[in-house]
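Novice: Here you go, one structure.
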Amino acid sequence: MAYTDLNYKFKKIGKNVIIGNNVYFRYPEFVEIGDNVVIDEFCYFTTALSIGSFVHIGPHCSCIGGKESRLVMSDFSGLSAGCRIICGSDNYITGLTNPNVPIEYRGETKVGEIFIGKHAVLGTNTVVHPLVRIKDGAATGSLTLVTKDLDEWGVYIGSPARRIKSRDREKILSLEQLFIKTIK
């Protein structure tokens with residue numbers, strides 16, 4: 001289903017955007033989507049979003065944290081099936097929890113932006129905690145837990161994430177340049 005079939009009123013939406021059935025945006029007025037984006041079925045977003053171009057979000061992904069938080073996905077980035085992006089979270093040790101409790105009764109919360117850089121890709125069922133920057137070209141394997149920033153062009157696995165090798169930056173960027181020439 002193309003985005004035109006939905007009743008959402010996005011802040012900005014580009015060309016050639018496909019949004020699957022059963023995709024939910026709690027705050028569509030804070031959503032910006034670039035060109036050539038696919039968001040697969042059963043995704044759930046409760047944050048502001050800024051999605052670049054040539055981005056794919058696989059099925060059953062979620063991004064939570066409320067409208068004070070934000071997910072930024074740069075061009076050519078992607079989320080594989082089942083990724084959990086947590087832009088806001090309660091501190092369960094020092095107070096009451098959940099968004100239905102007034103802020104003065106809750107413990108310290110972490111709410112903010114998660115940034116996913118250009119050519120960064122998250123593997124199936126990766127979980128990302130609040131305030132993390134996943135820098136250009138970083139990639140995670142399946143079931144990776146990201147609690148700290150990931151450096152450029154690294155491949156990360158595990159819980160917590162640890163770098164195991166590097167991606168071929170020059171090859172990926174040269175393929176991007178070839179691709180861009182073909183679409184102009």
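Read the figures in this text as sums done on the coordinates, not as results from a lab. Only a predicted model underlies this, so the values are computations on that prediction, with no experimental measurement involved. Methodologically, a virtual Cβ is constructed for each residue, glycine included, from the backbone with ideal geometry; neighbour enumeration extends over all protein chains shown.
Novice: May I ask you to list the lysines whose Cα is less than 25 Å away from that of LYS171, ignoring any residue fewer than eight positions away on the same chain?
Specialist: Filter leaves LYS118, LYS135, LYS181, LYS184.
Novice: Among bridges DSSP assigns within the range 3-183, what percent are antiparallel (round to 5)?
Specialist: If I count the DSSP bridges inside the range 3-183, around 15 percent turn out antiparallel.
Novice: Something else now. Report the local net charge at CYS43: Lys and Arg +1, Asp and Glu -1, summed over other residues whose C-beta lies under 15 Å from its C-beta.
Specialist: In short, 0.
Novice: Then there is this: Hey, can you grab everything whose amide H is under 5 Å from the amide H of TYR27? Only 5+ residues off in sequence or another chain; H modelled, so Pro and N-termini drop out.
Specialist: HN-HN under 5 Å from TYR27: THR47.
Novice: Given points 7 Å out from each Cα along the Cα-Cβ axis, report the ILE103 to ASP75 separation in nanometres with one decimal.
Specialist: Reported label-point gap for ILE103 and ASP75 is 3.6 nm.
Novice: Short version: ³J(HN,Hα) in whole Hz for each residue of the range 132-146, in order, from phi by Karplus 6.51 cos²θ - 1.76 cosθ + 1.60 (θ = phi - 60°), x for Gly and Pro, what are they?
Specialist: Going residue by residue, I get 8, 10, 9, 6, 3, x, 5, 9, 10, x, 4, 6, 7, 10, 9 Hz, with x marking Gly and Pro.
Novice: Related question: Step through the residues of the range 170-184 one at a time and calculate ³J(HN,Hα) from phi using the Karplus curve (6.51 cos²θ - 1.76 cosθ + 1.60, θ = phi - 60°), rounding each to whole Hz and writing x for Gly and Pro.
Specialist: These are the phi-based 3J(HN,Hα) values: 4, 5, 5, 5, 5, 5, 4, 4, 4, 4, 4, 4, 6, 9, 8 Hz.
Novice: By DSSP, what percent of the beta bridges with both residues in the range 1-108 are antiparallel, rounded to the nearest 5?
Specialist: Of the beta bridges lying entirely in the range 1-108, close to 5 percent run antiparallel.
Novice: Calculate one ³J(HN,Hα) per residue across the range 65-75 by plugging θ = phi - 60° into the Karplus curve 6.51 cos²θ - 1.76 cosθ + 1.60, and present them in order as whole Hz with x for glycine and proline.
Specialist: After applying 6.51 cos²θ - 1.76 cosθ + 1.60, I find x, x, 6, 7, 9, 8, 10, 10, 10, 6, 3 Hz.
Novice: How long are the semi-axes of the equivalent ellipsoid of the range 71-145, taking √(5λ) for every eigenvalue λ of the Cα gyration tensor, in whole Å from largest down?
Specialist: 28, 12, 9
Novice: If the cut-off is 20 Å between C-alpha atoms, which lysines fall inside it for LYS67, apart from same-chain ones fewer than 8 positions away?
Specialist: Output for LYS67: LYS9, LYS11, LYS12, LYS110.
Novice: By the gyration tensor of its Cα atoms, with a ≥ b ≥ c the square roots of the eigenvalues, what is the shape of the range 1-74: rounded for a/c under 1.5, prolate for a/b over b/c, or oblate?
Specialist: Rounded shape, in that the Cα axes give a/c under 1.5.
Novice: Might you report the magnitude of the Cβ-based charge dipole of the chain about its Cα centre, with Lys and Arg at +1 and Asp and Glu at -1, to the nearest 20 debye?
Specialist: Here the size comes out at about 300 debye.
Novice: Take LEU150, LEU145 and order them by how many other Cβ atoms sit within 10 Å, fewest up front.
Specialist: Fewest-to-most ranking of LEU150, LEU145: LEU145, LEU150.
Novice: What percentage of all Cα-Cα pairs in the chain are separated by more than 25 Å?
Specialist: 35 percent
Novice: I want the antiparallel fraction of DSSP beta bridges within the range 47-153, as a percent rounded to 5.
Specialist: 10 percent
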